[in-house]
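Written below as structure tokens is the structure these notes are about.
Read the figures in this text as sums done on the coordinates, not as results from a lab. Note that the structure is a prediction, hence the values are computed from the model and not measured. Counting neighbours? That spans all protein chains shown, and the Cβs are built from the backbone with ideal geometry, glycine included.
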């Protein structure tokens, strides 16, 4: 440690020394011209800073709460996924509603025979040439 | 004095000190206003989570963080490296500091000298000599040991004095 006071001098100017440190300063400073000069230098800088005018603050206005910023690449990705999902859904729905049902003639015959058994008076018998 | 409950109250009671801190650190009104608004914005969003108690420490921690964040983004502020043999005391042949400072137009010259300090030193002396905080308060606000605060203030003042000589 330096034999001179160094940082203790600034702390002394600010009233931040106590106890042993203050005792050390009081024991050293009166007999040390270098530290006295240093103290004057520091005092000058401190006075210059404290002499700065206190400025009036401008009207700072109401700070706006910033909306969370979503990166553009993420927006594009979400839009692309949504578009693909929409197209897939729309295509599937169209396919389901417009797909023709394949029914063979024999199937129709069987269905008609079943219905005829259930309600013979309401459904006429199958023509002979369609058997 | 009870803690403020709204950002408007914070702006009213602390806005001027925050702005002066911001101005002395950034060196121009526009950046100072931006920094002050950013502080108030963070106060506004943070008040809901604030636990009543050490309001000043909380507020100045926010202020410090805003400055550090802005400083990191810009990285265009001038800095001055510490001279070699920094601990060497001023030569006795130098003019008396009072004489030097008497010929200095306080204001712009001091501000220019402040801007020549590194951000750490500048903030320490501004918090101490412009805002008027104790070493303990500064240590809490900028989250460094009190020994670091003492060192930064001392070295900051010495560099400032050299810049004004």
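Numbers at a glance
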| item | result |
| --- | --- |
| Subset tally (residues that are away from every other protein chain (no Cβ under 12 Å), farther than 19 Å from residue A:54 by Cα and buried (at least 21 other Cβ atoms within 10 Å of the Cβ)) for region B:1-60 | 1 |
| Which listed residue is surrounded by 13 or more Cβ atoms within 10 Å (Cβ to Cβ) and more than 7 Å from chain B (Cβ to nearest Cβ), from A:34, A:25, A:52, A:42 | A:25 |
| Qualifying residue in region B:143-159 (condition: in a helix (DSSP H, G or I), in contact (Cβ under 8 Å) with a residue 12 or more places away in the chain and over 18 Å from residue A:13 (Cβ atoms)) | no |
